[in-house]
Amino acid sequence: MISAGFADPAQDSQRSFRAVLEAISRPGRIFALPPLAEPPAPLRGALASVLLTLADADTPVWLDAAAPLDWLRFHCGCPVVAQPGAARFVVATGAMPALAGLARGTEEEPHLAATLLLQVASLRAGEGWRLTGPGIEREHRLAVAGLPADFLAQWAANAAGFPRGVDIVLCAGDSLACLPRTVRIEEAG
Amino acid sequence: MTEAGYNFGYLDENTKRMIRRALLQAVALPGYQVPFGSREMPLPYGWGTGGIQVTASIIGADDTLKVIDQGADDTTNAVSIRRFFNRVTGVATTDRTAEATIIQTRHRVPEMTLREGQVLVYQVPMPEPLFRLEPRVAETKRMHALADYGLMHVKLYEDIARHGAVTTSYNYPVLVNRRYLMSPSPIPAFDNPKLDRMPALQLFGAGREKRIYAVPPYTEVKSLDFEDHPFKPARADAACVICGSRASYLDELIVDDGGKRHFVCSDTDYCASRPPLQEAAE
């Protein structure tokens with residue numbers, strides 16, 4: 001049995017997209033998405049909504065869980081690829097795939113980079129990392145639970161390759177925050 | 001009430017998704033031109049098809065839309081685009097800059113400082129700032145990849161050598177986040193400083209050239225210049241005849257056969273929100 005997607009695709013995808021657009025424009029700020037009635041486990045509401053909003057036949061998707069594959073194929077009609085490096089959207093609900101293994105675009109066409117949709121345990125604003133860069137007036141604070149220990153080293157390597165690089169959408173429950181490749185992250189101190 | 005038979009926002013959902021993906025890449029790459037599959041729209045290229053497609057992909061039922069053409073809400077282009085969105089989305093429209101959540105613009109930035117939560121959508125005829133210096137797209141792509149913008153500096157230098165000053169008064173090239181050279185669209189150079197660290201999100205759509213680019217909020221946007229010839233935004237040295245403003249950008253009007261000139265604010269909402277000059281003063 002395949003669970004439902006958006007109740008009103010045009011309106012619901014617009015609301016989800018504006019949340020993602022605001023989130024990537026203001027890195028590290030947390031935005032709540034309208035709750036999705038039946039996200040397919042292990043996907044939670046925000047991650048499932050982002051897929052319904054952005055994935056289609058033009059975007060190869062890699063997924064680290066098999067359970068939502070039928071749901072994904074039915075609602076998005078997207079090709080599902082076996083290697084994360086071949087995907088436009090890389091979906092991780094468990095361990096984060098290495099950023100260096102994902103598509104990062106080219107110097108001339110950096111927009112051909114993958115976006116990592118990463119489901120994490122929790123997002124908290126006002127504490128944790130200090131984020132600076134485009135979209136941030138002075139600094140944003142963001143605490144993320146459930147990332148690999150070497151995440152900041154991987155992120156520094158990703159950001160150093162600008163304009164090439166991966167953008168990350170961090171999803172927790174019905175909320176999300178974005179880390180575009182332009183953002184600089186410092187450990188709280 | 002929206003027109004029957006049209007999807008919300010006119011574009012189909014597949015097209016919106018494609019444009020939305022391009023917009024997200026554009027925000028992650030400030031100033032970089034992302035190619036997109038521009039659609040045929042119910043008005044010709046040059047009338048804002050790029051801006052309309054961007055607006056159609058972001059607009060929602062809760063938005064309030066303002067459309068300006070050279071600063072004015074009541075010109076043909078602005079009126080027809082506003083009516084178009086009213087028909088295909090049913091969203092509220094406004095003339096007031098402060099009330100709008102999305103402002104689509106042709107060739108001006110509003111005088112009022114924009115705030116967080118607002119989105120400024122520019123209509124762009126030619127997104128490539130190097131186009132007049134290097135017509136080959138393959139070559140300009142490589143120049144952007146290498147951040148090789150010497151050609152543009154030579155052009156500005158030659159202006160100074162010949163005329164004593166940079167003669168570009170609109171579409172003045174900017175460097176975004178110290179990386180990409182970007183055309184701010186044909187806004188007057190007077191407006192360039194407003195792009196720098198603007199709290200609102202700025203999106204640019206070029207329909208014929210099929211490019212989308214963006215400047216995220218609070219991002220450095222620097223007009224190209226030289227240490228000994230700093231960038232100077234130009235403005236007519238006059239006051240608006242309606243509101244008396246000496247700070248806003250002015251349009252020049254010839255009002256009689258003798259060549260008598262008047263200056264009025266280009267931004268009609270800014271002008272209307274100020275107290276008019278007293279009749280006696282004239």
Candidates A:170, A:176, A:116, A:131 - the one that is closer than 30 Å to residue B:33 by Cβ, more than 14 Å from chain B (Cβ to nearest Cβ), in a strand (DSSP E or B) and among the aliphatic types (A, V, I, L, M): A:170
Residue count for region B:160-202, restricted to those that are assigned to a helix (DSSP H, G or I) and of a type in the set (Asp, Glu): 1
Lone qualifier among B:5, B:9, B:51, B:71 - being surrounded by fewer than 18 Cβ atoms within 10 Å (Cβ to Cβ) and not charged (D, E, K, R): B:5
Sole residue being modelled with pLDDT of 95 or more, surrounded by fewer than 20 Cβ atoms within 10 Å (Cβ to Cβ) and within 11 Å of another protein chain (Cβ to nearest Cβ), chosen from A:10, A:86: A:10
Which listed residue is farther than 22 Å from residue A:160 by Cβ and in contact with a Lys or Arg (Cβ under 8 Å, 6 or more places away or on another chain), from A:59, A:115: A:59
Residues within region A:22-52 that are within 12 Å of the chain's Cα centre (by Cα) and within 24 Å of residue B:12 (Cβ to Cβ), tallied: 5
Residue B:156 of a type in the set (A, V, I, L, M) and assigned to a strand (DSSP E or B): no
Answer from B:67, B:124, B:137, B:54 - the residue that is assigned by TED's automatic domain parsing to the domain that holds residue B:208, more than 14 Å from the chain's Cα centre (by Cα) and not small (Gly, Ala, Ser): B:137
Filter result for residue A:108 (without any contact (Cβ under 8 Å) to a residue 24 or more places away in the chain, farther than 24 Å from residue A:18 by Cβ, in contact with a Lys or Arg (Cβ under 7 Å, 6 or more places away or on another chain) and surrounded by fewer than 21 Cβ atoms within 10 Å (Cβ to Cβ)): yes
Subset of region A:32-61 [surrounded by 19 or more Cβ atoms within 10 Å (Cβ to Cβ) and hydrophobic (A, V, I, L, M, F, W, C)]: A:33, A:36, A:43, A:46, A:47, A:48, A:50, A:51, A:52, A:54, A:55, A:61
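The values are calculated or read from the model by the stated rules, or taken from the named source; none is laboratory data. Because the structure is predicted, anything quoted here is derived from the model rather than measured. Heads up, the Cβs are rebuilt from the backbone with ideal geometry, glycines too, and the neighbour counts pull from every protein chain shown.
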